[in-house]
Amino acid sequence: MADMDEIVNGLILELRRGTLIISVLSRLSEPQYGYSLVQLLEERGVSIDAGTLYPLLRRLEKQELLDSTWELSETRPRRYYVISDKGKAVYQRLCEEWKSMSETLSYIIDKGE
């Protein structure tokens, strides 16, 4: 049974990875720094490790989906991220695709018997 649990846990991890981009983009209409973003996501039931979040933020910024600025007035310098106009358009399309896929999968699961 442990082998099956290991397989299921790996597959659940794969499913979660696909949702992280939408989750991150959804929380960046207001500027957030890494730790505040982790907290916002956790409050909404999305657990994300800093080792996963920061590379994702850098990749999204490189794709011009996020803008960032350094805030130097606080105790420690912090990099704040906010969704760009291009990111908003991409986020909207991803949400539409997610809803479509979700409806399709629900139909397949419900009618799959």
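Tabulated results
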item	result
Region 2-111, dipole about Cα centre (Lys/Arg Cβ +1, Asp/Glu Cβ -1), debye to the nearest 20	380 debye
Counted charge near THR104, where neighbours are those whose Cβ lies closer than 14 Å (Asp, Glu -1; Lys, Arg +1)	-2
Long-range HN-HN contacts of SER84 with modeled amide H, under 5 Å	LEU66, ASP67
Gain in span if fully extended, GLU61 to SER47, counting 0.36 nm per residue against the direct Cα distance	2.9 nm
The chain: relative contact order as a whole-number percent, Cα under 8 Å and 6+ apart	24 percent
Residue-wise HN-Hα coupling along region 40-53, computed from phi with Karplus coefficients 6.51, -1.76, 1.60 (Hz; x: Gly, Pro)	4, 5, 5, 4, 9, x, 10, 8, 9, 7, 4, x, 9, 5
Residues in region 5-34 that a label on SER73 would reach, taking backbone N under 16 Å of a point 7 Å out along Cα→Cβ	31-33
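Values in this text are rule-based calculations from the coordinates and carry no lab data. As the structure is a prediction and not an experimental result, all values here were calculated from the model. Because the Cβ atoms are built from the backbone with ideal geometry, glycine has one as well, and the counts that use them run over all protein chains shown.
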